[in-house]
Amino acid sequence: MNEVVGTHDVVLVTLDTLRLDVAEELLDAGETPNLGAVLPGGRWERRHTPGSFTYAAHVAMLAGFLPTPAEPGPHPRLFAAAFPGSETTAPGTWTFAAADLPTGLAQAGYHTVCVGGVGFFNKQTALGSALPSLFAESHWQPSFGVTAPASLDHQIARVETSISALDPEKRLFLLLNVSALHQPNWFHLDGATRESGDTRASHAAALRYVDARLPRLLAALRRPTLVILCSDHGTAYGEDGHVGHRIGHEVVWTVPYGEFVHS
């Protein structure tokens, strides 16, 4: 990462609430071909999230604690805030003196942009402003949110606008929080109604929607860009009686992860 920072843009795409099992099933069935084309080896990596809901997971990730590989470690991190005794800071880890990654990258000359999705990015409350406030430029509008059927289309349009306005000599750190998979997602499933409610099948339909928009997102990015694609946490659809997240269940804590250089 010490060779990447300063020479590459860095883009963190959080597929909010995406479950690993659904992501793997659709990939195996050939229903997410665009993701399959960019993921290393055409596979998702199984990891554990640092938090069981959006705010907790993003606070951790924006301090350098990305989802951790699910097998025994230690696992060196890509980014790390400098502090004594860190066992996951290795020679290849890019360290920063700030408390959070956006500030650290800004101090390294990056322009930082947040395009929010779920309510923790809506800037309508003090809490909804906390994560966006870490960035030099942040955007949210209702059409980016969880109730908008075309949310990712609108978010990508905002990404395109921000990147087109960027100084070509300035490197970019972008956080794109994709809200489409989060409840409510019933409207992504053909034939479903509000009364049908959200299901594992509508969650999968939302991922197919996201996959179809991935080429447009990649076309908007500059080259070279390190792209990190991951879920912040999963969600339950009735497993062991659980619905939702912010709980200690396997479907919540186990997430898909992938990183690649867009060049």
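The values are calculated or read from the model by the stated rules, or taken from the named source; none is laboratory data. On a predicted model such as this, the values are computed, not experimentally measured, just so you know. FYI the Cβ positions are ideal-geometry reconstructions off the backbone, even for glycines, and counts take in every protein chain you see. Calculation scope for accessible area: heavy atoms of the full protein, side chains included, ligands and nucleic acids excluded. Shrake-Rupley method; radii C 1.70, N 1.55, O 1.52, S 1.80 Å.
What is the percent carbon and sulfur in the accessible area of the chain, measuring with a 1.4 Å probe over the protein chains and ignoring ligands?
Details: 5900 of 10780 Å².
Reported share for carbon and sulfur atoms: 55 percent.
Compute the distribution of all C-alpha to C-alpha distances in the chain, in bins of 5 Å from 0, and list the percent of pairs in each, rounded to whole numbers.
Here the calculated profile for the chain is 1, 6, 13, 18, 21, 19, 12, 6, 3, 1, 0, 0.
As an exercise, identify the trypsin sites (Lys or Arg not before Pro) in the range 183-263 lying in DSSP coil whose Cβ has no more than 16 other Cβ atoms within 10 Å.
Arg222, Arg246
Can you give the angle from 0 to 90° between the axis of helix 151-164 and the longest principal axis of the chain, with both taken from C-alpha atoms, to the nearest 10?
20 degrees
Of the residues Asn177, Asn185, Asn34, which exhibits the maximal mean-square fluctuation in a Gaussian network model of the chain defined by a 10 Å Cα contact cut-off?
Comparing Asn177, Asn185, Asn34 in the GNM, the peak value goes to Asn34.
So, for the range 9-262, what is the accessible surface per residue at a probe of 1.4 Å, expressed in square angstrom?
Ligands and nucleic acids excluded, the result is 40 Å² per residue.
Among Thr125, Thr54, what's the order by accessible area (1.4 angstrom probe), most exposed first? Walk me through the numbers on the way to the answer.
Details: Thr125 75, Thr54 5 Å².
These residues rank, largest area first, as Thr125, Thr54.
Write out the GluC sites (Glu not before Pro) in the range 155-245 meeting two conditions: DSSP loop, and at most 14 other Cβ atoms within 10 Å of their Cβ.
Glu169
Nearest 10 degrees is fine. How inclined is helix 200-220 to the longest principal axis of the chain, computing both from alpha carbons?
Its long axis makes an angle of about 40 degrees.
For the range 1-92, run through the GluC sites (Glu not before Pro) and keep only the ones in DSSP coil with at most 15 other Cβ atoms within 10 Å of their Cβ.
Glu3, Glu31, Glu87
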